[in-house]
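Read the structure below first, then the notes.
No lab work stands behind these numbers, since they all come straight from the coordinates. Just so we're clear, the structure is a prediction, and the values are computed from it rather than from any experiment. Cβ placement follows ideal geometry from the backbone for every residue including glycine, while neighbour counts extend to all protein chains displayed.
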Amino acid sequence: MRTLRAWLSPALALCLAACCWDDDDDCGCAEPSPSPRLVSILVEVYDPVTNFVWENVGVRVVEADQEWSGLTYVSPFLNGYLTDADGRVLLDEFVLGDARVGFLEDGQGRAVLNARADQDQALVVLEVFAEGFVSVFVEVPLSWAEPDVFVEVPFN
């Protein structure tokens, strides 16, 4: 029995090595998939009439259509983030993860997209709002290939 085991272990290792170096993927030896990517949206809000940016305008994550689940998740939160003096607000991976709109998250709660074809896209809907103005809604596509997006939103 001992000689069979001693002979079988090296033979099995050689077989698996040959299988994995072969172009066919019949043995289940797959190349490691690319790492998940953190996602973020940088939003700039501006007045299309004057081309000046809007400071202290709210930007809120409303919902996201997640490819991995095939569902649209609506954020339970109504609060938003205010634009700075440059008319910008960054919705980083923590903000998008905390919005509870269905993003897959890493161990630190950061929103990610994976390279797998069924987990590499999301469509995020944002609301731009201010008192006395009509809200503007914008759809922002995110993908594993383009996880960080800059969006300019006209608002007046």
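Computed quantities for the displayed model
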quantity	calculated
Modelled FRET efficiency - R0 35 Å, A115 with D47, Cβ distances, 0.05 increments	0.35
Efficiency of FRET between F94 and S33 - r from beta-carbon atoms, R0 22 angstrom, step 0.05	0.40
R0 of 30 Å, Cβ-Cβ distance A145-L71: FRET efficiency to nearest 0.05	0.85
Average Cα contact separation per residue, the range 37-154, under 8 Å, 6 or more apart, as relative contact order %	35
Net dipole in debye of the range 37-154 [+1 Lys, Arg Cβ; -1 Asp, Glu Cβ; about Cα centre; nearest 20]	220
Per-peptide average of other Cβ atoms within 10 Å, ordering 89-97, 135-143 highest first	89-97, 135-143
15 Å cut-off, amide nitrogen to a point 7 angstrom out along Q108 Cα→Cβ, residues in the range 31-52	36-40
Peptides ranked, highest mean first, by Cβ atoms within 10 Å: ranges 110-121, 70-81	110-121, 70-81
